[in-house]
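Peer 1: Before I ask anything, here is the structure I am working with.
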Amino acid sequence: MSSWQIDRVGEAERGVALPWLFPSNDAAQTRAQAAQALERIAAGTADARSLFWAQRQSANHNTTIGACWIEGQAGNVGYLHPPVVAQSLPALEREQCAHELYGAAEAAAIDAGITWVQCLLDPGTKTTALLQILGFLHVSTLIYQAALLPRKNAAAPSLRIQSRPYDASQHTQFEGLLDATYEGSLDCPALNGARTASDTLQSYASIGQSGTQHWQFIERDGKLIGCLLLGVHAAEVPTAKPLGELIYWGVIPSERGHGYGREILELALAQAEALNLDKLVLAVDQANEPALRQYAQCNFFEWLRREAWGKQLRR
């Protein structure tokens, strides 16, 4: 029998529990990350129903020994903040407590309607062993890249493609187009079929501050061939310009191999410049060599890598 108790963290207790999930040698960084999490919860962009902690009671005093959170997000997605358990516990107890914490968080996530849980880790972190035990699969190694704007000596692109803006009345058509571009994709193929197009688009719409404003159908001579989704984030510092994100772009299988992908990328960069953004960032699967070549040709550079893990949740 466990010598601790697993409970959902109450609203008044979140400020105490959340720092457990952001361990760092820099106490200020831990406090800042916990504060940002509280802000997301208050703003309604993060669901705290799957935030749990483990406590031991002694002499009428509860001692926290661990915490775990599946942060509910748009599109029935949960972001896992892996279980963190006090190092003072013996190894077997730490492992058992971690499993119990995650189990409670997962059960609450399923009740909240979450269907997919994901986690991003620094390469080489020891947490990967725990994720495997908990049933997570390695989805991809993500390479984060950026292109500085405005580009020097960049000529206006000569494009065969045309773009037209997304409209909510065409949502069903856009979902179908998105699904079609996933077929045979080299970017995180492990995710194909893991989520519905509707859930994916809800997630995409929550990225940045621009919603669906910069989503586009891509056409060639009136025929739909792909899509482009841009997002705009607030400036990283007050004196800087806003940041752009290339959330997603894709070409349907029958139109691949004609250079349209490169043209969509050129279009995205030109639009980001027109929006007066500081830079355009994106994430790409390490295994997607054609896309990596295209990004290199357009002067994108790597600035970060993360290991992406995921788990399908079913009732």
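Peer 1: Residue by residue through segment 273-315, note down the ones that are in a loop (DSSP other than H, G, I, E, B), open to solvent by 30 Å² or more (accessible area, probe 1.4 Å) and not small (Gly, Ala, Ser).
Peer 2: Those that are in a loop (DSSP other than H, G, I, E, B), open to solvent by 30 Å² or more (accessible area, probe 1.4 Å) and not small (Gly, Ala, Ser): 275, 276, 278, 286, 299, 314, 315.
Peer 1: Let me ask something else. So which residues in segment 228-260 are of a type in the set (D, E, K, R) and closer than 20 Å to residue 161 by Cα?
Peer 2: The answer is 255, 256.
Peer 1: Next up: Yes or no: residue 147 under 16 Å from residue 9 (Cα atoms), at pLDDT 95 or above and of a type in the set (A, V, I, L, M)?
Peer 2: No.
Peer 1: I've got another one for you. Condition test on residue 112, is it more than 17 Å from residue 127 (Cα to Cα), of a type outside the set (Val, Ile, Thr) and touching a residue at least 12 places away in the same chain (Cβ under 8 Å)?
Peer 2: yes
Peer 1: Continuing with the same structure: Spot the failing condition for residue 242; the list is (1) at pLDDT below 95; (2) open to solvent by 40 Å² or more (accessible area, probe 1.4 Å), and only one is missed.
Peer 2: Status for residue 242: all satisfied but (1).
Peer 1: Turning to a different aspect of this structure: Count, please, the residues in segment 77-102 that happen to be within 17 Å of residue 51 (Cα to Cα) and of a type in the set (Ser, Thr, Tyr).
Peer 2: 2
Peer 1: Additional query: Filter segment 166-209 down to residues that are in contact with a Pro (Cβ under 8 Å, 6 or more places away or on another chain) and among the hydrophobic types (A, V, I, L, M, F, W, C) and give me whichever is modelled with the highest pLDDT.
Peer 2: Per the criteria, the residue is 180.
Peer 1: Further, regarding this structure: Can you spot a residue in segment 245-254 that is in contact with a Lys or Arg (Cβ under 9 Å, 6 or more places away or on another chain) and either open to solvent by 30 Å² or more (accessible area, probe 1.4 Å) or assigned to a strand (DSSP E or B) (or both)?
Peer 2: The answer is no; no qualifying residue exists.
Peer 1: Among what's in segment 83-94 and is assigned to a strand (DSSP E or B) and free of Cβ contacts under 8 Å to residues at least 60 places away in the same chain, pick the residue that is surrounded by the fewest Cβ atoms within 10 Å (Cβ to Cβ).
Peer 2: Of everything passing the filter in segment 83-94, 85 is surrounded by the fewest Cβ atoms within 10 Å (Cβ to Cβ).
Peer 1: Keeping to segment 204-234, report how many residues are part of a loop (DSSP other than H, G, I, E, B) and either open to solvent by 40 Å² or more (accessible area, probe 1.4 Å) or without any contact (Cβ under 8 Å) to a residue 40 or more places away in the chain (or both).
Peer 2: Number satisfying all stated conditions: 11.
The values are calculated or read from the model by the stated rules, or taken from the named source; none is laboratory data. Fair warning: this is a prediction, and the values are worked out from it, not measured in the lab. Here the Cβ is made from the backbone with ideal geometry for all residues, glycine too, and neighbour counts use every protein chain on show. For the accessible areas, the whole protein counts, side chains as well, though only heavy atoms, and no ligand, DNA or RNA atoms are used. Shrake-Rupley method; radii C 1.70, N 1.55, O 1.52, S 1.80 Å.
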